[in-house]
1. Could you check how many residues of the stretch A:253-285 are more than 16 Å from A:Leu222 (Cβ to Cβ) and among the hydrophobic types (A, V, I, L, M, F, W, C)?
2. Would you check if A:Gln95 is modelled with pLDDT under 95 and within 12 Å of chain B (Cβ to nearest Cβ)?
3. Against the condition surrounded by fewer than 16 Cβ atoms within 10 Å (Cβ to Cβ), of a type outside the set (Asp, Glu) and under 28 Å from A:Arg190 (Cβ atoms), how does A:Lys228 come out, does it pass?
4. Residues to consider are A:Ile204, A:Ile236, A:Ile224, A:Ile213; find the one that is in contact with a strand residue (DSSP E or B) (Cβ under 6 Å, 6 or more places away or on another chain) and modelled with pLDDT under 95.
5. So if I check each of A:Ser37, A:Ser57, A:Ser71, which one is modelled with pLDDT under 95 and assigned by TED's automatic domain parsing to the domain that holds A:Phe154?
6. For the stretch A:49-72, give me the residue count where each residue is touching a Gly at 6+ places or on another chain (Cβ under 9 Å), in contact (Cβ under 8 Å) with a residue 60 or more places away in the chain and within 12 Å of another protein chain (Cβ to nearest Cβ).
7. Would you call B:Ile80 at pLDDT 85 or above, closer than 19 Å to A:Phe93 by Cα and within 44 Å of the chain's Cα centre (by Cα)?
8. Residues being among the aliphatic types (A, V, I, L, M), at the interface with chain B (Cβ under 7 Å from one of its Cβ atoms) and touching a Phe, Trp or Tyr at 6+ places or on another chain (Cβ under 9 Å): count how many of those fall in the stretch A:24-48.
Amino acid sequence: MRTVFLFIFILSIGVLTAQEQRTPVNVVTKRVNASFSYTNGTEVNLEGENAQVFVESWDKNSISIEIELISKHPDKAIAERDLNRLAYGTKRFKQKIFIRNYISQEEGEAATEAVLQAKYYIKVPEQCPVYLKNYFGLTQVKNLANNLRIYSEFSTIAIEDIKGIVDMRTRFGDITANRLNGDVAINARRSDVFLYEVSGNYDIDSEYGKLEIMAANELINLNINANKTDVLLYNIDPMKHQYALQTQYGQMTVPEELQYSFTENTQQRRKVNFVPSTEYYANISIQVAFGDLVIKKK
Amino acid sequence: MSDKHLKDGLRRLPEYTPDGRVWENIDSELHLQTAIEQLPTYEPPETIWENISTELHAKPRVRRLWRRVAAVAAMFLLTIGTYWWTMSNDSIQEKIIYATETIDSGIFQEDWNTDEDGFQELAKLCSQKVFVCKQPSFQILKGEIDELNDAKASIEAAMKKYGKQAEFILQMKDIEQERSKVLKEMFAMI
């Protein structure tokens, strides 16, 4: 019996050791500091690959870009060799500042062995238009007030305190936004979208995801087309907005004030059309197919 | 005879006294004329006449062209100057930093292809139950599986380029969970 316990004990230690195997690695980082003067109309245009991108505004009339290209491997020589394959580019062309990273590997070269990653820390004036493309990685943007475009795949997007024109397209990457105010267009596929304290005009298309929106008082227009997506809209004054709601093959849950506004209510299709008798604030139009719609009041 | 008649006629015409303002105006005109006549006179230097003569003989079109050329040159210089100033404020600096750290390498195992036989099994069943697999609802699910397979291939390609990272494995987990869910739905239909 004692032998059996001893055997199990040794086996457990072995399994735990295998699972918690910690390997020391060499981290070689190429740090690039770039600075560009800013005039009205200057745009930052970034194309990242497996990049963590952090953009925020500052009160200086210039653009600061810090790039970290990181290579990790137990063998320092391999880490250095593979770091050289992680190429970057920063270039001004007229009013546009182009930044990108990519793998530069010659044909016949040994495969990359190190873990490679790029990080960008970018500071721009508040009015600077920013256009970000990211393939894998992460994108975070704060405090911009003009024009923001983010096109990404397999990359998480987090933005906050953004005004102006916003255009986001994502595939396999979730979006979280706090305090958005402007003309906002979102196209999300296989991505969850969470918007908190939203004002302004919204045009949202979503497929195979989840959509949660917390409205602010200054919401003007909300137009949602959702396919195989569950939609939750909350923090709403039910009688202060105009509604055109529809679900097909999904449940619709609305505040009791709107219960009598169903124009169709069958298993296949549910429709609500409601126009308040007094002045109203927002036009809310939501179409959901193969998903549920829930609207919750304040 | 006729002269006498004319003179008599003129004598018989009525007489009028002009308005006082008329004499005032004539008086001020006379004063102005006198003042102008009393102004000193000067002879201009020769160079003035030479300059006027040159101006008179100059070709106006050429002068206008030079003005335009000068304006374009000034704008060009301004643009170049602004561009140079802008570029001179742009800067790029690089440095290399070395460090060490430890990573949990034990859990970074590539185990997501171990159950691929389930997908092969589905393909085999579809070759036997063609009718079911051609149904639109089944085809929609197949489209989903194809999209998820593409996504999986993209993650594997990224992992090959950038190395095995926790972020990639977490994404692979999401894709694999979704693939398993759709596969189960497809098996349920067959």
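The values are calculated or read from the model by the stated rules, or taken from the named source; none is laboratory data. None of these values were measured; they are calculated from a predicted model. Cβ atoms come from the backbone with ideal geometry, glycine included; neighbour counts cover every protein chain shown.
1. Of the stretch A:253-285, the ones more than 16 Å from A:Leu222 (Cβ to Cβ) are A:253, A:256-257, A:259-271, A:277-279.
Pick out the ones that are also among the hydrophobic types (A, V, I, L, M, F, W, C) and you get A:262.
Looking only at that region, the number is 1.
2. On the way: modelled with pLDDT under 95: yes; within 12 Å of chain B (Cβ to nearest Cβ): yes.
Criteria met by A:Gln95.
3. no
4. Working: A:Ile204 fails: modelled with pLDDT under 95; A:Ile224 fails: modelled with pLDDT under 95; A:Ile213 fails: modelled with pLDDT under 95.
Every option except A:Ile236 fails the conditions.
5. On the way: A:Ser57 fails: modelled with pLDDT under 95; A:Ser71 fails: modelled with pLDDT under 95.
The conditions single out A:Ser37.
6. Count: 4.
7. Answer is no for this residue.
8. Here the count works out to 3.
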